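Q: Let me begin by handing over the structure; questions about it come next.
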Amino acid sequence: MKRVRIHAGNVGLVFKNGDYQRVITQGKHWLRFSERLSTYALNMPFHAPKALEVLLKDEALATILTLVEVKDNEIVLVYENNNFKNVLTAGRYTYWNTLIDYKFVTADLSKISITEAIKKNLYSKAELAKYIRVFEVAAYEKAIMIVDDEFVKILEHGTYHFWRNDQTIKIAKADMRQLQLEIAGQELLTKDKATVRINFYAQYKVTDIETALMRNKDYEKQLYITLQLALRAFIGAYTLDELLEQKETIAEAVLKDVKGQASKLGVNVLHAGMRDVILPGDMKDIMNQVLIAHKKAQANVVTRREETASTRSLLNTAKLMEDNTMLFKLKEMEYVEKIADKIGEITVAGNGNVIEQLKDIFSVNK
């Protein structure tokens, strides 16, 4: 016989000729010389040296062991004293249950949603992250969720976690903010065959994400084409002069025309406008010449109007002076003063009337 000692925190399994005999716990024990002892720490998982089915027939051993069986498409999260430890994959595992408080959470990977009682802060752990798919939907977005090519639901903004398995998950997002669509440098023909380039814009919002993403392909491109065709149709119905005069009216007509088509795309067009109408070089020169001629004509009209008013004023003055000799003399002296301002020197004789001499100087020889 030989005496052995099992220290605290350990347990021993006794074997004889390779066959399991019994389990011994903390304390001193006597063994036969033909028996062999294997010692195990109670704070470590138990790795059975023999088939578990044989060992667990011993009720004393089965009582202090916890058997965990993990099936295919499952994982088990192991917690020690309420702290996450590791992840178990398919297989059989045994743990001593006398020293450490173990907790096991089984997760079914064959489904999509994570319904198990697992804290989200564990999702980023390396041991668990490889089993999880993560999708982000921004605060200004919505998304549709498609599983195995079938629409499932609409996702609001947030972070979504799903189990990673053979099922395919697709997330299609749409920006729910007010957006702007530009139709820049569009070359169009007016009713009178003038070529113009139009810069047009529209502001819109996605109102039905399922319609926009599931029932339409590239809804933004379709909206662009709808606006482009409507703009082409309206521009072709106006002459160049009408186009330049009625830009706002045309933009309102285009907006009204595309609203119905846009609703079929899951989109609401809020506003539309024509930013620029760009003429080709030769057409621009012609328009400038027309503008210059128009302004010259306006200037001529103003000049003629002023000349007529001036002539009418002179006629009225002449009539007054004809009836009033004193007024005539005053006007005569006013003109003499104006002329004298432009002459450097004037010589008059000391005899005779000075006014009469000035009259002779400034009078025109007949």
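Q: Let a ≥ b ≥ c be the square roots of the eigenvalues of the Cα gyration tensor of the range 57-125; is it rounded (a/c under 1.5), or, if not, prolate (a/b larger than b/c) or oblate? Walk me through the numbers before you get to the answer.
A: Numbers: a/c = 3.05, a/b = 1.57, b/c = 1.94.
Oblate shape, in that a/c is at least 1.5 and b/c is the bigger or equal ratio.
Q: Sorted by mean Cβ packing within 10 Å, highest first, what order do the peptides 23-35, 136-148 take? Can you show the working numbers first?
A: Details: 23-35: 13.2, 136-148: 15.6.
Top of the packing list down: 136-148, 23-35.
Q: In addition: Sorting check: for 78-86, 206-214, which peptide has the highest mean count of neighbouring beta carbons within 10 Å, and how do the rest follow?
A: By packing density, highest mean first, the sequence is 206-214, 78-86.
Q: With N residues in the range 138-281, what two-decimal value do you get for its Cα radius of gyration over 2.2 N^0.38 Å?
A: Dividing the Cα Rg of the range 138-281 by 2.2 N^0.38 Å gives 1.33.
Q: Just subtract the alpha-carbon distance of W30 and E248 from 0.36 nm times their residue separation and send over the number in nm, one decimal.
A: 67.9 nm
Q: Quick one: if the Förster radius is 51 Å, what FRET efficiency do K119 and R197 give, using the C-beta to C-beta distance and rounding to 0.05?
A: 0.25
Q: Taking 0.36 nm per residue of separation and subtracting the Cα-Cα distance, what length does fully extending H157 through T98 add? Before the final figure, lay out the partial values.
A: Numbers: separation 59, 0.36 × 59 = 21.24 nm, distance 4.62 nm.
Additional length available on full extension: 16.6 nm.
Q: Now a separate question. For the range 1-147, give the magnitude of the charge dipole about the Cα centre (Cβ charges: +1 Lys/Arg, -1 Asp/Glu; no others), in debye to the nearest 20.
A: Charge dipole of the range 1-147: 660 debye, to the nearest 20.
Coordinate-derived values only; no laboratory data. Since we're looking at a predicted model, the values are computed, not measured. Positions of Cβ are generated from backbone atoms using ideal geometry, with glycine treated the same way; all protein chains shown enter the neighbour counts.
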